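Engineer: First the structure, which I've put down as structure tokens, then a few questions once you've had a look.
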Amino acid sequence: MISRSLRSARHNLNSGGRSRPKSRRRLQFEPLESRLVLSTFFVSPTGSDTAAGSATAPWKTLQRAANVVQPGDMVDVRTREGLFRSGGLLRVRKVMPVMSTEMARFLGVILVRLASESSGACITNLILNRQDREANDVTDKRESRTREQIREHYEIEKELASRLRGASREERRSLYSALYDELYRRVVHHPRNTRRLSADESAKAVRSQMLFLRRFLHREAIFLELGPGDCSLSFEVARFVEKVYAVDVSAVATRNSIRPENVEIVTYNGIDIPINSNSVNIAYSHQVMEHLHPDDAYSQLQSVYSVLDRGGLYVCLTPNRLFGPSDISRYFDNTPTGFHMKEYTTTELSRLMRQVGFSKVRAYAGVKGHFFPVPYSLVASCEAMLSMLPPTPRRAMARTRLFTRLLGIQLVATK
């Protein structure tokens, strides 16, 4: 006790008799990292699109939700009978029973919980793909039309395509030309009626196709193009071959006032090519196969096979089914319901070509204008893997640069 008092006194003397005040610690605030607050919104047939989208004041349509929600958000949809019909261009797809909000945010999707309004029980979880949500605002760079015009185009084309799908084989032989002419007449804002490429744009499109096609052309060749459009490509090919047949189901709208002397324009019924057998060295089609009725695809391939000379080539380019749908129904449906009667994978189309009798079918991939053959087993394996995925993640993966270059269908079949 005495020693402690002596130490205290000595300390006071050294400090001038004053005790040193205790230092005060200042509070410091450290800024936190920014975080996205995920939200839950509610939709009900009894709600209102002017409401707040809360549990007590739900929205009425999924379209309203699509215009607001962000990746990772949850949309709780209350329905009377487990069904919900919304207006607009919104598509909702069933993907998997359970997905976390973190995973949804990573994939760039919006969770949608579909539940019964009467029981409140959750029926299933779905997701709304961000790309589909953007399609509701018609942000496709290829489209300059309004949402109402796209809806009108879709409804008319779907109606006409339904007639074609339900027609008999004999009826279809006259319907292809008639229905396409009717489509262009009724849909006055159809891109084929309104889109006029500039000379530079047209030349660029032709150059892109010629990068792949040029290797197969030679001066003595007889060339046939199915679905030539405005014939720009056929006119360019005419510079490198002896003769060109431009064959289409509808009247060809040529941009050029002067047709090369070695180009002949032919109209056909969509199946039977009115050209002499064994007279063509190279047949070519770009986005034609998908427009054929599934029951007619085999017949048209037979017709192509017939007009080709021995050793002749059929160069076929068509959108891969795994990317689709690729017609006007891409804004509304999970499968083609417009004039794309059937979209194929490379595997499916290769098999069909071999059934017709082609001796060899090779798939090509392209990178920056350079094309090279791809092993069939590699393409088939990739397509089989993607086919096992649900629609939304399958499309997202298929549209990556690697798969678009590998699986974009560019087939060369040899007779």
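Any read-out appearing in this document is the output of simple, stated calculations on the displayed coordinates, not a laboratory observation. Just so it is clear, the model here is predicted, and its values are computed rather than measured. Positions of Cβ are backbone-derived with ideal geometry, glycine not excepted, and every protein chain shown enters the neighbour counts.
Engineer: Assuming R0 = 35 Å, can you tell me the calculated FRET efficiency for the pair Thr194 and Lys368, based on Cβ-Cβ distance, to the nearest 0.05?
Structural biologist: 0.65
Engineer: Roughly how many debye, to the nearest 20, is the charge dipole of segment 273-351 about its Cα centre, given +1 on each Lys and Arg Cβ, -1 on each Asp and Glu Cβ, and no other charges?
Structural biologist: Result for segment 273-351 is approximately 180 debye, rounded to the nearest 20.
Engineer: Something else now. Consider just the alpha-carbon atoms of segment 362-415 and return their Rg together with their Dmax, both in angstrom.
Structural biologist: 11.9, 38
Engineer: Here's another thing I want to ask about it. Can you bin every Cα-Cα distance in segment 147-191 into 5 Å intervals starting at zero and give me the percent of pairs per bin, rounded to whole numbers?
Structural biologist: Calculated P(r), rounded to whole percents: 5, 24, 29, 21, 12, 7, 2, 0.
Engineer: Across the Cα atoms of segment 307-405, what radius of gyration and what greatest pairwise Cα-Cα distance (Dmax) are found, in Å?
Structural biologist: Values for segment 307-405 (Cα only, Rg and Dmax): 14.7, 44 Å.
Engineer: Treat segment 332-381 as a sphere of radius equal to its Kirkwood radius over Cα pairs and apply Stokes-Einstein at 25 °C in a medium of 0.890 mPa s; give the translational diffusion coefficient in µm²/s, rounded to a whole number.
Structural biologist: 188
Engineer: Consider just the alpha-carbon atoms of segment 196-414 and return their Rg together with their Dmax, both in angstrom.
Structural biologist: Using the Cα atoms of segment 196-414, the pair Rg, Dmax is 17.1, 51 Å.
Engineer: Taking 7 Å along the Cα-to-C-beta vector as the label spot, tell me the Glu171-Met388 distance in nanometres, rounded to one decimal.
Structural biologist: Here the answer is 4.2 nm between the modelled labels.
Engineer: In this model, which of Lys204/Lys368; Lys60/Lys158; Lys243/Lys415 are farther than 25 Å apart at the alpha-carbon?
Structural biologist: Lys60/Lys158
Engineer: From the C-alpha gyration tensor of segment 175-314, pull out the three semi-axes of the equivalent ellipsoid (sqrt of 5λ each), sorted largest to smallest, in whole Å.
Structural biologist: Semi-axes from the Cα gyration tensor: 23, 21, 13 Å.
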